[in-house]
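The values are calculated or read from the model by the stated rules, or taken from the named source; none is laboratory data. A quick note: this is a predicted structure, and the numbers were derived from the prediction, not measured. Here Cβ is always computed from backbone atoms with ideal geometry, including for glycine, and neighbour counts include all displayed protein chains. Surface accessibility is based on the protein's heavy atoms, side chains included, excluding ligands, DNA and RNA. Shrake-Rupley method; radii C 1.70, N 1.55, O 1.52, S 1.80 Å.
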Amino acid sequence: MTFEIFLQHLSNAVSLGSLYALIAIGYTMVYGILRLINFAHGDIFMLGGYFAFYALTTFLMPWWVGFIVAIGLTALLGMSIEKVAYRPLRDSPKVSVLISAIGVSFLIESLGVVIFGGIQKAFPIPDLFGKVMMIGNIYIVSVNFFIPVIAFIFLVGLMYLINKTKTGMAMRALSRDHETARLMGIDVDKVIAYTFGLGSLLAAVGGIMWGMKYPQLYPLMGVMPGLKCFIAAVVGGIGNITGAVLGGLIIGILEIMTVAFLPDLTGYRDAFAFILLIIILLVKPTGLMGENLAEKV
Amino acid sequence: MEREKKIRVVLTVTAAAVAVGLLVLFNLILDSYMMRIVNLCGIYITLALSLNLIYGFTGMFSLGHAGFMAVGAYTTALLTMSPAQKEMNFFLEPIVPWLANVEWSFLPALLMGGVVAAVAGFIIGAPALKLKDDYLAIATLGFAEIIRIFFTNMQSITNGPLGLKGLPPYTNVWWTWGIAFASILFMVFLFKGSYGRAFKAIREDEVAAEAMGINLFRHKMLSFTIGSFMAGVGGGLLGNLMGTIDPLMFRFLLAFNILLIVVLGGMGSITGTVISGIVITVLMEYLRFLDGPMDFYLFSTDGIPGLRMVIFSIMLMVVILFFQKGIMGNREFSWDFLFRPGRFKKNSVEGE
Amino acid sequence: MYMLRTDNITMKFGGLVAVSNLNLEIKQNEIVGLIGPNGAGKTTAFNMITSQYTPTEGSIFFNNEDITSYKPYEITKLGIARTFQNIKLFKEMTVLENVLVGNHLRVRSPLILSVLRSPMYLREEKHMVEKSMNLLRDLNLDDVVNEKAYSLPYGKQRRLEIARALATDPKLLLLDEPAAGMNPQESIELMNFIHEIREKFDLTIFLIEHTMQVVMGVCERIYVLDYGVTIAEGNPSDIQNNPKVIEAYLGVN
Amino acid sequence: MLKIRDLHVNYGGIKALKGININVPDGKIITLIGGNGAGKSTTLRAAVGLVKLSGGSILYDNNDLTGIKTKDIVSKGLVLVPEGRRVFANLTIHENLVLGAYARKDKLEIERDREKVLMLFPRLKERLKQKAGTLSGGEQQMLAVGRAIMTKPKLLMMDEPSLGLAPLIVKNIFEIIQNINKLGVTILLIEQNAKAALEIADYGYVMETGNIVMEGPGRELLNNEDVKKAYLGIA
């Protein structure tokens, strides 16, 4: 294997890892605040892709308008899911909410099959993202160049929002103590809704990029990335945004590089993330950057 | 008291006889499609009871059931298929020699399916049961996926993505319902006894249970391994009923159906699981028309694949949002209830 | 010869020292109290004795056996039982079932024999039920045997927790604020009750309590904790007149 | 200012409050003492809408608070400093204070209040950029009080402010409570440290198992033999 081929794989790995990171952030934010694995997050990611598809093909919007509309719709949908399926269970056992989330996930997937059809759809790639570029001796499809850049821009924006704005402060406060946050006059339900909106927005961005990277859409496309990105969030330390990004990159790179260097293992590709998850849960359940949330007797 | 007890025994025996009579009758008059549904009911009761044991009674939320079913189904299939059948199946890569010429009869193969699934459950449980709630759910789901991925790739043992075809059709109503009855009896007697109470205590409060001298890990492993065994047997029955198995059959969707049965029936209720096992299985088949072509007089459609699953997802959500306790909560049906309507007998040991 | 002895046990959570160098010595058949303001580390001390926490430093001995690193269930098997400050009953189970769970650690039949209802198991079950019924009678809970635990009034829940602990056949019983939420009348009854169970079950009792009336009335010896440190030890009248204790409870002025 | 009338609260089958009556007049320091589990915290939590009432009413400035959301009660100036301080350990001290004023829009006033808090607690001023989790127990209590002041309270309810603090700091905290009261904030104080609380209180209530069993001016309760015996540990 030459150095060029290695770089070729690396660029692919980084772009996949960045996509995973975008989705993982949504898991980590929701878990941080509600201690809930939003099982439906992978399906929201799928919807983001499909919304963009219909905006561009059926409604013939310019690509950037279509993308913005799709992202906005997905964010709204994420907020509605929280309101309908999770908010009524705020005082219920953790597992009940998780079951509700599993229900939402299956509902979206089967509705996807009903509405979008089970057959794969080819994503209409705008020219800007479909070009083949040559950097040095390696060929890159421009979307693979844009994905990490866009992921980075969103990450910086998110960091600003979380660390510098009052809403961000409220989110961080909520992740520790809902009741005291209420005592400060914070509208807890509203902040939670924002969090879902934000997570879904990032998932939509991920879904659109995914559509352009692997130019196919199908209703179950969110299942595997969804699971892997949750794992990414756990590996990085759930509740920690930088951790989620790190976890996403690790899983993306692990997946691409293992397949590249050990082609015999290609069939096991989807198992890597799960094996990594189990190792992490046993060795360091709080993840690479997670804080210890000790339970009191 | 003595008289009441006698009446109860008589009633129970009568009910069992009626159930057997019904099965005989079904066997005589129903066509093979309907019989398949009757069989599926029995299998799903066993499967749902096994999940209820792990989740509803012991409080360990596991999403790994499809994996144990796969282990049971493949083991039973490989042990019961004739060498000729195997040779036909494994045309890409020959089957490993130690499996090529094995041909067992159904019962030992089925039990072996359960045992191998139990071993898998034991191996998976040892690390995973240190986790709780959502983390346990995702870890067990991960293990089930790993099992499936391995089955897809171990060409010379499982025939990979092609799956196995032409399984001998041993599964019949006596097997499925016989095992369902055995599972029901097992659960009833388990929860009449001390171990069942210990499991429930763990569900209620782990810290207090351990302070009562219960070895948490040992008891969790017991419950999880027994549950895996039952899931393996259920998987074996299912495989031989279908006649064909492949790794895609054992996706999370399968675990979802079983979870739906448990949640609808009531977590921690044996009777609830039996009722909802039958209801859901029948609905699942009945609603198949939704996925097929439909004629609404005014207009007709070519069928909307996926609509059935839409309904099941909505069902699960409605139950968890509005009827968290399911049909039975954690109560059980008893004869006293029939005699004194409005008063469910509490799930206790006093009926001895 | 002490039944329970702790040797300089210390518990740190991160930077916070919850209990520091605690030395307790409890003799057979004593009733000993542990008092101190909120947050003084009393429950932490209990949690170390029953191994919910493993001490950061120091060792714990029960009948001269080092039990520092034992698991909670092993400690219960040895004969130390406890109740919890915030009652931890098996809520969805009946009163009788709660007490029967306390018997489970002595069950010798394997699971399969219990399911097959073998004579060996049935004998054990019969014995368990009889023993539990007797306990419930002794604790005046026999009128609610088949009620679910959550439906009991507060006072009965506390008593049920004690009944359940007694079902494990303890030699040493740890009570974490048994009088919390009781009115003075109930507290007086509780004091008598604690004396009674000591005689009846030949127990040693170690209790955490806030209500001074109970502590002074029932305990033969008292340890006072403040900020994780023992500030006094002695009989009730010594403790009441100890200036350090008065200060801890009254604040400086 | 705050009138609690025949308040009942049930907690999962347990009757935590069995019909209590409390009056908090404008500008005073009122204290609520009693043992663990007597229902003191529940009373305060009911007032800010964190637990549901099962009977009776809570009137604040002559408005019934039943069914009003916590955030709206807080905006009206009825504020609780919870037991155990509960500062947001992962946020800086500055951020904790900003969050206290979360629902307020009056920027100038907020800034003035912040200055006021930092004047009351000069120790916080030196550590504005530090994470609240790194503060000592006493400093955290100060931050919790400061954060509550940022919500612009008219009636400040404090749940065990002296819990787990060293005697010297406890003394300090009680001085601060008096200072805040002098600034025109009414105080409702729950304390285990009965003596210290009764010494600064205008009026006190003694609670036992969900009932008020005694009430009177602070000094009077302080000298009452029963109170001494039960809560002060003096025979």
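Do we find a residue being within 18 Å of D:Leu97 (Cβ to Cβ) and basic (Lys, Arg) anywhere in segment D:167-178?
no
Of the residues A:Gly222, A:Gly207, which single one is at pLDDT below 95, surrounded by 24 or more Cβ atoms within 10 Å (Cβ to Cβ) and more than 14 Å from chain D (Cβ to nearest Cβ)?
Among A:Gly222, A:Gly207, only A:Gly222 is at pLDDT below 95, surrounded by 24 or more Cβ atoms within 10 Å (Cβ to Cβ) and more than 14 Å from chain D (Cβ to nearest Cβ).
Under 6 Å between Cβ atoms, which residue pairs at least 6 apart in sequence (or on different chains) link something in segment C:36-48 that is away from chain D (no Cβ under 14 Å) with a partner that is modelled with pLDDT under 80?
These pairs meet every condition: C:Asn47/A:Val297.
Table: residues versus (1) within 14 Å of chain D (Cβ to nearest Cβ); (2) open to solvent by 20 Å² or more (accessible area, probe 1.4 Å); (3) of a type outside the set (Asp, Glu).
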| residue | (1), (2), (3) |
| --- | --- |
| A:Thr165 | yes, yes, yes |
| A:Met171 | yes, no, yes |
| A:Thr195 | no, no, yes |
| A:Ala203 | no, no, yes |
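When only residues in segment C:99-116 that are crowded, with 19+ Cβ neighbours inside 10 Å and not in a helix (DSSP H, G or I) count, which is nearest to the other protein chains (Cβ to nearest Cβ)?
Checking each candidate, the answer is C:Val107.
For segment A:2-60, name all the residues that are open to solvent by 10 Å² or more (accessible area, probe 1.4 Å), under 23 Å from A:Gly197 (Cα atoms) and β-branched (Val, Ile, Thr).
The answer is A:Ile33, and nothing else.
Taking the stated definitions as given, is A:Ile251 in contact (Cβ under 8 Å) with a residue 40 or more places away in the chain and either within 12 Å of chain B (Cβ to nearest Cβ) or touching a Gly at 6+ places or on another chain (Cβ under 9 Å) (or both)?
Answer is yes for this residue.
Hey, can you tell me all the residues within segment B:122-142 that are in a helix (DSSP H, G or I), more than 10 Å from B:Gly64 (Cα to Cα) and more than 7 Å from chain A (Cβ to nearest Cβ)?
Residues satisfying the conditions are B:Phe122, B:Ile123, B:Gly125, B:Ala126, B:Ala128.
Return the residue satisfying two criteria in turn: it lies in segment B:172-191 and is more than 12 Å from every other protein chain (Cβ to nearest Cβ) and among the aromatic types (Phe, Trp, Tyr), and of such residues it is nearest to B:Ala15 (Cα to Cα).
In this case the residue turns out to be B:Phe181.
Name the single residue, out of those in segment C:71-86 being out of contact with any Leu (no Cβ under 7 Å at 6 or more places or on another chain) and open to solvent by less than 30 Å² (accessible area, probe 1.4 Å), that is nearest to C:Glu177 (Cα to Cα).
Among those residues, the one meeting the criterion is C:Phe84.
Quick one: in segment D:88-103, of everything that is of a type outside the set (A, V, I, L, M) and at pLDDT 90 or above, which residue is nearest to A:Arg176 (Cα to Cα)?
If we take residues in segment D:88-103 being of a type outside the set (A, V, I, L, M) and at pLDDT 90 or above, then D:Phe88 is nearest to A:Arg176 (Cα to Cα).
Please state which of the following conditions A:Ile125 fails to meet, knowing it meets all the rest: (1) among the hydrophobic types (A, V, I, L, M, F, W, C); (2) assigned to a helix (DSSP H, G or I); (3) over 20 Å from the mean Cα position of the chain (by Cα).
Tallying (1) among the hydrophobic types (A, V, I, L, M, F, W, C); (2) assigned to a helix (DSSP H, G or I); (3) over 20 Å from the mean Cα position of the chain (by Cα), A:Ile125 fails exactly one: (2).
Name, by its number, the condition in (1) under 24 Å from C:Met212 (Cβ atoms); (2) facing another protein chain (nearest Cβ under 10 Å) that does not hold for C:Val32.
The one condition C:Val32 does not meet is (2).
Could you list all residues from segment B:79-117 that are under 21 Å from B:Ile146 (Cβ atoms) and surrounded by fewer than 24 Cβ atoms within 10 Å (Cβ to Cβ)?
B:Val96, B:Val115, B:Val116
What's the number of the only condition in (1) within 11 Å of another protein chain (Cβ to nearest Cβ); (2) touching a Gly at 6+ places or on another chain (Cβ under 7 Å); (3) among the hydrophobic types (A, V, I, L, M, F, W, C) that B:Ala209 fails to meet?
Every condition holds for B:Ala209 apart from (2).
For B:Leu79, state whether it is more than 14 Å from chain A (Cβ to nearest Cβ) and either among the polar types (S, T, N, Q) or out of contact with any Gly (no Cβ under 7 Å at 6 or more places or on another chain) (or both).
Answer is yes for this residue.
Any residue in segment C:226-253 that is more than 7 Å from every other protein chain (Cβ to nearest Cβ) and farther than 25 Å from D:Ile200 by Cα sitting within a Cβ distance under 7 Å of a residue that is at pLDDT below 85 and not in a helix (DSSP H, G or I)? List the pairs, counting only those 6 or more apart or interchain.
Close Cβ pairs (under 7 Å, with a partner that is at pLDDT below 85 and not in a helix (DSSP H, G or I)) amount to C:Gly228/C:Val17; C:Gly228/C:Ala40.
Matching residues to (1) at pLDDT 90 or above; (2) more than 28 Å from A:Asp189 (Cα to Cα); (3) crowded, with 23+ Cβ neighbours inside 10 Å:
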| residue | (1), (2), (3) |
| --- | --- |
| D:Ala16 | no, no, yes |
| D:Ile22 | yes, yes, no |
| D:Ile33 | no, yes, yes |
| D:Ala38 | no, yes, yes |
| D:Thr43 | yes, no, yes |
| D:Ser57 | yes, no, no |
| D:Lys69 | yes, no, no |
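(1) surrounded by fewer than 20 Cβ atoms within 10 Å (Cβ to Cβ); (2) more than 10 Å from chain B (Cβ to nearest Cβ); (3) under 14 Å from the mean Cα position of the chain (by Cα): which one isn't true of A:Met257, the others all being true?
Of everything listed in (1) surrounded by fewer than 20 Cβ atoms within 10 Å (Cβ to Cβ); (2) more than 10 Å from chain B (Cβ to nearest Cβ); (3) under 14 Å from the mean Cα position of the chain (by Cα), A:Met257 misses just condition (3).
If you check A:Arg269 against the conditions, is it within 14 Å of chain D (Cβ to nearest Cβ) and open to solvent by 30 Å² or more (accessible area, probe 1.4 Å)?
no
Which residues, counting only those in segment C:1-31, are within 22 Å of C:Thr56 (Cβ to Cβ) and not in a strand (DSSP E or B)?
Result: C:Gly14, C:Gly15, C:Asn23, C:Leu24.
In segment A:118-127, is there at least one residue being open to solvent by 30 Å² or more (accessible area, probe 1.4 Å), within 14 Å of another protein chain (Cβ to nearest Cβ), among the small types (Gly, Ala, Ser) and free of Cβ contacts under 8 Å to residues at least 40 places away in the same chain?
no
Quick check on this structure: which one of C:Ile60, C:Ile35, C:Ile49, C:Ile67 is surrounded by 22 or more Cβ atoms within 10 Å (Cβ to Cβ), over 27 Å from D:Gly84 (Cβ atoms) and in the same structural domain as C:Asp226 (by TED's automatic domain parsing)?
C:Ile60
Please report, ordered by residue number, the helices (runs of 4 or more DSSP H) entirely within segment B:175-284 with at least 1 residues that are open to solvent by less than 30 Å² (accessible area, probe 1.4 Å) and in contact (Cβ under 8 Å) with a residue 40 or more places away in the chain.
Those helices (runs of 4 or more DSSP H) span B:194-204, B:216-242, B:252-265.
Residue under question is B:Ser269, and the condition is that it be within 13 Å of chain C (Cβ to nearest Cβ), of a type in the set (Ser, Thr, Tyr) and under 29 Å from B:Tyr74 (Cα atoms); does it hold?
No.
Would you check if there is a residue in segment C:23-30 being touching a residue at least 40 places away in the same chain (Cβ under 8 Å), under 21 Å from C:Lys171 (Cα atoms), open to solvent by 10 Å² or more (accessible area, probe 1.4 Å) and touching a helix residue (DSSP H, G or I) at 6+ places or on another chain (Cβ under 8 Å)?
yes
Let me confirm something: among D:Gly49, D:Gly34, D:Gly100, D:Gly84, which residue is under 24 Å from C:Ala179 (Cα atoms) and within 11 Å of chain A (Cβ to nearest Cβ)?
D:Gly84
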